[in-house]
Amino acid sequence: MNQVATRPYADQKPGTSGLRKKVRVFQQEHYAANFIQAVFDVVEGKAGAALVIGGDGRFYNREVIQTAIRMAAANGFARVIVGRGGILSTPAASHLIRLRKALGGLVLSASHNPGGPDEDFGIKYNVSNGGPAPEKLTDAIYARTREIDRLLIADAPDVDLDRDGESRVGDMVVEVVDPVADYAELMERLFDFAAIREMIAGGFRIRFDAMHAVTGPYAREIFRRLGAREDSVVNGTPLPDFGGHHPDPNLVHAKALYDEMMGEGAPDFGAASDGDGDRNLIIGKGMFVSPSDSLAVLAANAHLAPAYQGGIAGIARSMPTSQAADRVAEALGIGLYETPTGWKFFGNLLDAGLVTICGEESAGTGSNHVREKDGVWAVLLWLNVLAKRRVSVAEILRDHWARFGRNYYARHDYEALAVDAANQVMDGLRARLGGLAGTRANGLAVAGADDFEYLDPTDQSLSRNQGLRVRFDDGSRIVFRLSGTGTEGATLRVYLERYEPAGGDLGMDVGTALQPLIAAAEELAGIARITGRARPDVVT
Ligand code: G16
């Protein structure tokens, strides 16, 4: 074992989901190693324990995996379990941690951010329940990165990541495993594969866009088991630069899929997933499903899948996610939990059995089967529901709105803003929040406004400053927050939501329905005035 001197970097504060930076930043001397050592220095119980390592296959993945393996050996782990080729989707890593009772896992990904030498890389630590490290731990890791002065790293050659089986680095066993097998088996247990197979055999057509990211091998294997045509999966080979695209399953970056689904002769069901396989985009023939609606629909129909046939215990959603799921929870007579943005906040609720299904507006849905959001899981639950109900995606959505009403919803992103300008927008609005109730914005009456904070009901931890909320007296909402996942300047997110009750106008164009709120947001926050940006970069 070698002890190597190092010097701290000041910028290793984990964001919404781990440490994300440009590859060039990670390529600085010991940059990745410092962060990994900080993780190992603060987690307890390494001696004799197993560690899962995998990533989304992006540029620099293999190099960091080799470093992480050598460091795990020097830091006392007994076993490292690594996906073949260095590949593990985020949900598959979460499952493997749980299945193999590992102490935790390193997931190397910058999720939906682009990959390549000039793009993004990331490292995330997940704990023994399979979920992202809670804030308490990420704060401790950050504190450790500020003072780190040595690395523990074994002197050993690279491990062959492309052959399944066991080898050793010092006393530690390195086990290279099939990244798909355990995960696919879990999916077969959760869902009614026979019903889906029958639907597909009857001519039901699927298009799944893996965006040249990690879900390709997962989707190919699972759809093969379901008897789907080979062309059901497109862009199915993971590439280090995702083919030059953003592996972000939204209407901008998955436009080709969207266009196909809206066109003549569209397949029955379209879906996409992101870089590391935890996000999902669902599009029916001629009908886009917003992530917030998808959460509500899946929660309302989950009992149709074997895993959830006894009913769900509760639903959790991040605060900016639309309140569509709240109405489902109310109808089912179950709890609804509103958490800050970040999957890590769902872990405690899932562990305590308070909720079964969770979701976020940022294209994430998942359940208690793992402790991450899960793109392929969401696709399979949709397929299971469709196979049982035998109606189209569009009909399912219209039915849902007719029963619960419709939450018109959109998120406007202003990307790569100057940090000062973004802070000026937020600080200016924050300073006025207290006086907003009773005033009007673009003619809409403000019912209340606050800076969201969350008290975790299981461990009483408090998270402050989680987004500025402005509520209107007709139930509409605008939320303003700064993203915690960007790697360039600041990204301002504006979340717009308007509720139309059942019996109301449920078929409006979303942009038209939200127009009054968009104008109100500008009046409240002065985004164009302060940042000089007349319109958002991305609308999802
Ligand atoms: C991550 C988190 C999600 C969060 C999303 C957006 O997703 O895991 O919980 O909703 O970022 O966060 P922000 O609004 O702070 O950018 P992923 O898929 O990027 O890991």
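A compact table of results
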quantity: For the chain, share of DSSP beta bridges that run antiparallel, in % to the nearest 5; calculated: 70
quantity: Additional length obtainable on full extension of the chain from R100 to D427, 0.36 nm per residue less Cα span; calculated: 113.1 nm
quantity: Compactness relative to 2.2 N^0.38 Å, alpha carbon Rg of the chain; calculated: 0.95
quantity: Dipole of region 413-540, positive direction: furthest Cα of L492, A421, L517, with charges on the beta-carbon; calculated: A421
quantity: Gain on full stretching of the segment that runs from K136 to A5 - 0.36 nm per residue minus C-alpha separation; calculated: 44.5 nm
quantity: Dipole magnitude of the chain, debye to nearest 20 (Cβ charges: Lys/Arg +1, Asp/Glu -1, about Cα centre); calculated: 420
quantity: Rounded to 5, percent antiparallel among DSSP beta bridges of region 297-381; calculated: 35
quantity: Two-decimal Rg to Rh for region 195-324 - Kirkwood Rh, Cα set; calculated: 0.97
quantity: Inter-label distance for L462 and D450, nm, one decimal - labels placed 7 Å from Cα along Cα-to-Cβ; calculated: 1.3
quantity: Among beta bridges that DSSP assigns inside region 119-257, antiparallel share in %, nearest 5; calculated: 75
quantity: Length released on extending from K22 to D473, taking residue separation times 0.36 nm less the Cα-Cα span; calculated: 158.1 nm
quantity: Cα→Cβ-extended label distance, 7 Å offset, between H303 and A418, nm; calculated: 5.6
quantity: Peptide ranges 203-209, 377-383 listed from the most packed, as the mean C-beta count within 10 angstrom indicates; calculated: 377-383, 203-209
quantity: Sorted by Cβ density within 10 Å, fewest first, the residues D399, D276, D41; calculated: D399, D41, D276
quantity: FRET efficiency for R229 and A47, using Cβ-Cβ distance with R0 set to 56 Å, rounded to 0.05; calculated: 0.65
quantity: Calculated FRET efficiency for the pair D155/A394, C-beta based, R₀ 56 Å, to 0.05; calculated: 0.40
quantity: Residues of region 275-292 with amide N under 15 Å of the 7 Å Cα→Cβ point at T512; calculated: none
quantity: Virtual spin-label span in nm between T237 and K13, 7 Å along Cα→Cβ; calculated: 4.2
quantity: Principal axis dimensions, largest first and in whole angstrom, of region 1-95 by Cα; calculated: 31, 29, 23
quantity: For the chain, with +1 on Lys and Arg beta carbons and -1 on Asp and Glu, the positive-most of L444, L51, G105 along the dipole; calculated: L444
quantity: Separation of alpha-carbon centers, region 58-99 and region 272-296, rounded to whole Å; calculated: 28
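Where a number appears in this text, it was derived from the coordinates with a stated rule and is not lab data. Only a predicted model underlies this, so the values are computations on that prediction, with no experimental measurement involved. Every residue, glycine among them, receives a Cβ derived from its backbone with ideal geometry; neighbour counts consider all protein chains shown.
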